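Some notes on the structure that comes next.
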Amino acid sequence: MGKNLKLKAARAALGLTQQDLAEAVGVTRQTIVAIERGDYNPTIKLCVEICKALGKTLDELFWEP
């Protein structure tokens, strides 16, 4: 699992900090940092919450071709 640059780009495009996104989905900022770094594999439930918060689909943020 590599860095999730798509997640980072989508978050930044909305002007959200890692803290903003963390609060929106009910996790710590450290969790968002770890997901973006590729150090943490989020649950499907958390992936869906992140997608909702960013207005993206699972494919757009988490699917590796």
Look at LEU46 and say whether it is open to solvent by 50 Å² or more (accessible area, probe 1.4 Å) and under 14 Å from ASN4 (Cβ atoms). no
How many residues does region 33-43 hold that are hydrophobic (A, V, I, L, M, F, W, C) and open to solvent by 10 Å² or more (accessible area, probe 1.4 Å)? 2
Counting just the residues of region 30-41 that are without any contact (Cβ under 8 Å) to a residue 12 or more places away in the chain and of a type outside the set (Ser, Thr, Tyr), which one comes out farthest from GLY2 (Cα to Cα)? GLN30
Within region 7-23, can you find the residues that are under 13 Å from ALA53 (Cα atoms), small (Gly, Ala, Ser) and surrounded by fewer than 17 Cβ atoms within 10 Å (Cβ to Cβ)? ALA12, ALA13, GLY15
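The values are calculated or read from the model by the stated rules, or taken from the named source; none is laboratory data. Keep in mind it's a predicted model, so treat the numbers as computed, not measured. Positions of Cβ are backbone-derived with ideal geometry, glycine not excepted, and every protein chain shown enters the neighbour counts. For accessibility, only protein heavy atoms count, side chains too; no ligands or nucleic acids. Shrake-Rupley method; radii C 1.70, N 1.55, O 1.52, S 1.80 Å.
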